[in-house]
Amino acid sequence: MAGRSSALTWTLAAVVVAAGVIPILIPSMATLVVLILAKGIVVLGIIILLQAGQVSFGHAMFFAAGAYTAGFWGKYLGVGDLVVYLVVGTVFATILGLLVGLFVVRYREIFFGMLNLAFSMVLWSLLEKMFHLTNGADGMRVPRPTVFGMAFSPENFQYVLLYLTLTIAIVATFVVQRFLESPTGNMLRAIKSNETRLEYLGVSARRILLIGYVISAALGGIGGVLVAVAQQIATPEFAYWTKSGEFVFIAILGGVGNAMGAFAGSAVFELVRFYASAQLANSWQLILGVVLIAIILFAPNGLIGLWKRQRAARDES
Amino acid sequence: MNSTLFVLASLDGLSYAALVFLVSVGLSLIFGVLRIVNVAHGSLYAFGAYLAATLSLLVTPISPWLTYPALLVASLVIGIVAGGLIERLLLSRVYGREEVLQLLITFAVFMIMDNLQRMIWGVQPIYAAEPLKLLPNVSIFGVSYTSYQVIVLPVVAVLALFGLRYFLRRTLMGSVILAVTEDREAATAIGINAQKVYLITFIIGATLAALGGALASPTTSLVPGMGTEMIVLSFAVAATAGLGQIEGTAITALAIGMARAFVIYLQPEFEVLVPYLIMVAVLLVRPEGLFGATKLRKI
C-alpha cells in the first residue's frame, strides 16, 4: 500500500510541475492550462454532488454567476483586482447556491436535475434578454484586472493568472478530498446508497446535501471568475444547459471516485477541443461525443479508474 | 391589448403548442417506458426538420404537392433509422446502469448529432416554405392566418394524441408497453420481450420528435441550435406536465404555448423566460408535475 500511495503522490507532483512548467516552454499553452485548471475546479463541485448520486444539469448557473461578477465589475466599477473578483464572485455564487439549494435539495435524481436545469435556464434567458444591463448575447468584456493592486503586461499577466489558478486548484483539490473523507462526506455518500437509513441515524439528509451543494456552487463561482478573466469575456452561453452538460461530461470522463479525476477529465476535454478544432475543422464535438460513449461503455470509472486498473494489473504480475 | 392582437396571439400560441406537443410527448413517452431522459431528443427534432427541408426542395420542381409526403417520409426515416440505431447500439447497453451514465450517453449522442448536422447542412439558414404557401389563408375573427399553421398543425397534434391513446390502451402492443412500464420483471416473466418494447417505444418517440421538426420546417428558417433550444423547451413541458403523462403533456403544451405567445405581444424580451419560469414554479409546488402521480418513498 505504501508504494501505491507514494506513487500517487509522485504522479500528483509531476502533474503539478508539468502544469507549471510546460507553459513557460510553450507560452501559447498558458491560457489553455488556466482553462483546464479552472474547469477542473468547477468539476470538483460536480463530483461532490455525484457522491450523493445527484446530477445537476444546471451547475453552469454558478459558473456564470462568477463570470458575470467580473463582467459587471468591469462595466460598472472600472478595472478591478483579480483577488477582489475571486472573493466577490465566490461569495455571490455561494449565496446563489444557498438560495437555489434550499429549494433543490428537497428533490432527488431526475427532479433534482430538472429543477437545477430550470433555474439555470432562467438565469440564461435573463442574461441574454436584459440587454441594457448585460449586453445580451454579445456578453460582457472583462478587462485585464490588477493582481494584489499590481498591473501586469499581457505576457506577464497570463503567468500570474496561471500560477494563481494552479495554487487555487491545488488548495481546492485538497479541501474537496478532505471534505469527501470527512464524516459529512461519508454521509453525503450515504444519500446515494440509502437515504432513509441515514435519516434513521438522526441526520438531516437535506442539510448534508445542502452543505455539499453550497460548496459545489462556490467552486463553480471560482471557476467562472477564472475562465472569464482568462478569456476576457463573459457570455450568456456560460449559463446554458450545454455548459452544465459539459461539466458533468468532464466529471464522468475523469472518474468521479477521486478529486484528481476532475483535472484529468478537464485536460483531455480541453486538449481534444483545442487540437481537434485546430487540426480537424469543426469536428471536436463529434470526437468528444465518441470518447464519452467509449468511456461510458468500456471504462465507467473514468480515466483515473483506467489508470488504477492498469497499475493494479502491473502490481499483480 | 385589442381583440385583433388577442386573436393573433391565440393563433400563434395554438400552432406553436401543436409543434411543442409532438416533441414533448415523444420525450415523455420515452421516459415513461425506458426511464431515460433523452437529451438527444432536440437533435432528432432538428434532423427531422433539416431532412424534411432537403426532401421538400428536392421534390418541389416535380410537384409542390409532393412536399407533404416528403415531410412524413423525413420524419419516418429519422425516427426509424436514427432512433433505432441510438436505442440498439447505445441505450440497450446502459439499461440498469447508473442514471447519470444513461443521461450522459444521450448527451454524447446530442454532441455527435449536433456536429453532424453542421457538417451535413452547414450553418447558413435554410428555408423551405412550400407546404405553407400551397394552402390558402383562413380568416378567423377577422384575422387572416395560414391554414397550415392553424388547421394542419393542430389537427396533426390532436391525431397524434388520440392515436397514442388508442395505441397504448386498445392494442396488444400498447398493452405490452404499459405492462413493461408498470413492472419490467413481471412482464418479462410472462414472456414479454422487453428489449423489443424499448426499441419500439424509442422509435415512436423519436419519430414524434422528427415529425415535430418536419412540420416546423416550413414555418421557420432552419438554423444550427434549433434542436438545442427545443430540447429544453420540450423538457420543460414534459416535466411541468409530469413525465410519462400523455394527456397532461397536451394541456401543458397548450398552456405554455399560449403563455409564450401572449408574452411575445406584451413583453417580448421575456419570451424565452416564460416556459422556464412556469417549470420552476410548478416543480417547486409539485415536483412530480401537474398531472404526475405522487411516488411513495422506498425504504
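The values are calculated or read from the model by the stated rules, or taken from the named source; none is laboratory data. None of the values given here were measured: they were computed from a predicted structure. Virtual Cβ from ideal backbone geometry, glycine too; neighbours counted across all protein chains shown.
Per-structure values
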{"quantity": "Residue check, A:Leu44 at pLDDT below 90, more than 14 Å from chain B (Cβ to nearest Cβ) and out of contact with any strand residue (DSSP E or B) (no Cβ under 7 Å at 6 or more places or on another chain)", "calculated": "no"}
{"quantity": "A:Leu99 vs. criteria touching a Leu at 6+ places or on another chain (Cβ under 8 Å), within 14 Å of chain B (Cβ to nearest Cβ), assigned to a helix (DSSP H, G or I) and surrounded by fewer than 20 Cβ atoms within 10 Å (Cβ to Cβ)", "calculated": "no"}
{"quantity": "Positions within segment A:126-159 being in contact (Cβ under 8 Å) with a residue 24 or more places away in the chain and part of a helix (DSSP H, G or I), in sequence order", "calculated": "A:Leu127, A:Glu128, A:Thr134, A:Gly136, A:Ala137, A:Asp138, A:Glu155, A:Gln158, A:Tyr159"}
{"quantity": "Counted residues, segment A:65-89 - those being surrounded by fewer than 22 Cβ atoms within 10 Å (Cβ to Cβ) and aromatic (Phe, Trp, Tyr)", "calculated": "2"}
{"quantity": "A:Phe92 in contact (Cβ under 8 Å) with a residue 24 or more places away in the chain and surrounded by fewer than 24 Cβ atoms within 10 Å (Cβ to Cβ)", "calculated": "yes"}
{"quantity": "Members of segment B:191-218 that are touching a residue at least 40 places away in the same chain (Cβ under 8 Å), more than 21 Å from B:Ala250 (Cα to Cα) and surrounded by fewer than 24 Cβ atoms within 10 Å (Cβ to Cβ)", "calculated": "B:Gln195, B:Val197, B:Tyr198, B:Leu199"}
{"quantity": "Residue match in segment A:60-67 (condition: in contact (Cβ under 8 Å) with a residue 12 or more places away in the chain and within 14 Å of chain B (Cβ to nearest Cβ))", "calculated": "yes"}
{"quantity": "Helices (runs of 4 or more DSSP H) (entirely within segment B:24-131) containing at least 2 residues that are surrounded by 24 or more Cβ atoms within 10 Å (Cβ to Cβ) and away from chain A (no Cβ under 14 Å)", "calculated": "B:41-59, B:67-77"}
{"quantity": "Evaluation of A:Ala267 against (1) in contact with a Pro (Cβ under 9 Å, 6 or more places away or on another chain); (2) away from every other protein chain (no Cβ under 14 Å) (one fails), failing number", "calculated": "(1)"}
{"quantity": "Elements of type helices (runs of 4 or more DSSP H) contained in segment A:217-317, each with 3 or more residues being of a type in the set (Gly, Ala, Ser)", "calculated": "A:241-254, A:260-279, A:302-316"}
{"quantity": "Residues located in segment A:274-292, provided they are at the interface with chain B (Cβ under 9 Å from one of its Cβ atoms) and either surrounded by fewer than 21 Cβ atoms within 10 Å (Cβ to Cβ) or of a type in the set (S, T, N, Q) (or both)", "calculated": "A:Asn282, A:Ser283, A:Trp284, A:Gln285, A:Leu286, A:Ile287, A:Val290, A:Val291"}
{"quantity": "Selection count, segment A:105-124, where residues are at the interface with chain B (Cβ under 8 Å from one of its Cβ atoms) and without any contact (Cβ under 8 Å) to a residue 60 or more places away in the chain", "calculated": "8"}
